[in-house]
Every structure is written in structure tokens, then in C-alpha cells.
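The values are calculated or read from the model by the stated rules, or taken from the named source; none is laboratory data. From a predicted model like this one, the values you see are computed outputs, not experimental measurements. Note: ideal-geometry Cβ built from the backbone for every residue, glycine included; neighbour counts use all protein chains shown. Please note that ligands, DNA and RNA were not included when accessible areas were found on the heavy atoms of the full protein model with its side chains. Shrake-Rupley method; radii C 1.70, N 1.55, O 1.52, S 1.80 Å.
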Amino acid sequence: QVQLVESGGGVAQAGGSLRLSCAASGRSFSSYVMGWFRRAVGKERDFVAAITWNGGATYYADSVKGRFTISRDNAKNTVVLQMNSLQPEDTAVYYCAASRRRGHWDMSTSYDHWGQGTQVTVSS
């Protein structure tokens, strides 16, 4: 079992940056693929990024590729989403998630544990 707590959300202007962190409690953090999803008002929860167990591979939604970077520190049980060149369409609640599945990390159904979410608002 792992518990996830996100932090770092807030308000940014278009073109600005925010850094989201997700702290995991419990054992075996390195055995989970970690992902970030987001849900805008009135929309489905969408995949943002994922990182494999030792950080050897990362995956991004096309909408954030080149602007967002996911990283992890297994010694500190944390995963970070660095968001640059933010746009108003990035406004959403961002969720950290952990998966023990072997693939399909762009699907929310592949994830077993979720954080409570953190709000990101980008003003134009």
C-alpha cells in the first residue's frame, strides 16, 4: 500500500512555471510506475506524464511534450512534475498516481493508488 500527497499547485500566468511534487509513504516506492493525470472542469481525467520504476523511461501526452518534465527520486520517495510555458488550457486539478501494472500507463485504469489532487490555475 502506498499513500500519495501532492503539493506545489497554485496560480501562474501564461508562459510561467510551476513545480508539482508528490510524496509517497509506505514501502516499495521504486516498485511503482508513477504518473500524473489532470482533470479540467467538465472534462475527463487525462494522462499527463509517467515515469518507470528507476526513471529509465518517461512518457508524455502530446499536449505537454516539450513543456513538462517528470522525474523521480526513489531515495526520497518523491516524483516531480516540472511545468514550463504554462498555458490557460493547462488549468486543472493535477493528480499523482502509482501503478504496478506492466504497461498502458497512459490509462487511469492502470493505476492503483491516487493522491487527493492539487489545483493548477493558469491565467492569460
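Summary of computed values
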item	result
Residues in segment 15-46 that a label on GLN1 would reach, taking backbone N under 15 Å of a point 7 Å out along Cα→Cβ	25-28
Size of segment 44-99 as Cα extents on the principal axes (Å, biggest first)	34, 22, 17
For the chain, radius of gyration divided by Kirkwood radius, i.e. Rg to Rh on alpha-carbons	0.94
The chain, relative contact order in percent, only Cα pairs under 8 angstrom and at least six apart counted	35
Within the accessible area of segment 2-44 (1.4 Å probe), percent carbon and sulfur	47
Magnitude of the charge dipole, segment 21-124, Cβ model with Lys/Arg +1 and Asp/Glu -1, debye to 20	300
Gaussian network model of the chain, Cα within-10 Å springs - most flexible of SER30, SER71, SER99	SER30
Proximal charge balance of ILE70 [Cβ under 14 Å; K/R count +1, D/E count -1]	+2
Per residue solvent-accessible surface (Å²) - the chain, probe of 1.4 Å	51
Candidates ALA12, ALA40, ALA57: whichever shows maximal mean-square fluctuation once the chain is modelled as a Gaussian network with Cα springs under 10 Å	ALA57
Computed lengthening from THR121 to THR69, 0.36 nm per intervening residue step minus Cα-Cα distance	16.9 nm
10 Å Cβ shell holding at most 12 others, DSSP loop, trypsin sites (Lys or Arg not before Pro): longest site-free stretch of the chain	1-26
Dipole of the chain [Lys/Arg +1, Asp/Glu -1 at C-beta], most positive-end residue of THR52, GLN82, ALA12	THR52
Backbone N under 12 Å from the TYR59 label point (7 Å along Cα→Cβ), restricted to segment 1-45	33-36
